[in-house]
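No value in this document is a laboratory result; all are computed from the given coordinates. Just so it is clear, the model here is predicted, and its values are computed rather than measured. Neighbour counts are summed over all protein chains in view; Cβ atoms, including those assigned to glycine, are modelled from backbone coordinates with ideal geometry.
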Amino acid sequence: MNAAELAGKILDSMLGHLGLAAEIEIQETADGPSLQIFSAEKEAIIGNNGDRLDDIQYLVNRILRRQMPDAGRVKVDCEHFRAMQEDQLGEEVREMIELVKTQGKAYRMRPLNAYYRRLAYNELAKDDGITAISPSGDDRLKRISISPK
């Protein structure tokens, strides 16, 4: 059994203990394996702005690493919620870049977790006309500051 299959079993067991009926599909993405959840109870799985989905993903990966220490990270999504969020974030970053460049002043993005900050920085790196920084510290959510060069 590979890591994605084991993660799928862990996720299925976890959702079963929560009393949530779901179908889980294993998908290979550019970022590695992904578990796609399909359920009539998607709001309960996703939570508020994906916070419950983040928690589920965290727990699945923690349990997976206890059983397979060398397993890579497995992404958990529910009815393509994360994919839509990632597309929306990319659009938001591009709009912010244009705003910074046209108005010539710095702006701060909404608070983002580490995963979404990495995605935002990947988009920001495509433009040489701006500078982007995040505050240091242990906060889970941080705001990226974008300013013109």
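Inter-label distance, ARG118 to TYR58: 1.6 nm, where each label sits 7 Å from its Cα along the C-beta direction. Contact order for the chain, expressed relative to its length and based on alpha carbon pairs under 8 Å spaced 6+ residues apart, stands at 19 percent. A dipole drawn for the chain from +1 and -1 charges on Cβ atoms has a positive end, and of ASN2, GLN85, TYR121 the residue lying farthest that way is TYR121.
Fully extending the segment from THR102 to LEU141 would add 11.3 nm, taking 0.36 nm per residue of separation and subtracting the current Cα-Cα distance. For ALA30 and ASP128, a Förster radius of 22 Å and the Cβ-Cβ distance give a FRET efficiency of 0.35, rounded to the nearest 0.05. Taking a ≥ b ≥ c as the square roots of the eigenvalues of the alpha-carbon gyration tensor, segment 84-148 is classed oblate because a/c is 1.5 or more while a/b is no larger than b/c. For segment 3-79, the Kirkwood estimate of the hydrodynamic radius, built from every pair of different alpha carbons, is 12.3 Å.
Other residues with beta-carbon under 14 Å from the beta-carbon of GLU43 carry, at +1 per Lys or Arg and -1 per Asp or Glu, a net charge of -1. Pairs from the list LYS9/LYS142; LYS42/LYS149; LYS75/LYS126; LYS75/LYS101; LYS42/LYS101 with a Cα-Cα gap above 31 Å: LYS9/LYS142; LYS42/LYS149; LYS75/LYS101; LYS42/LYS101.
Dipole magnitude for segment 1-138: computed about the Cα centre from +1 point charges on Lys and Arg Cβ and -1 point charges on Asp and Glu Cβ, it is near 540 debye. Among GLN57, GLN36, GLN88, the largest mean-square fluctuation in a Gaussian network model of the chain, built with springs joining Cα atoms closer than 10 Å, belongs to GLN88. Grab the beta carbon distance between LYS149 and LYS9, set R0 = 41 Å, and tell me the FRET efficiency rounded to 0.05. For LYS149 and LYS9, the calculated efficiency is 0.25.
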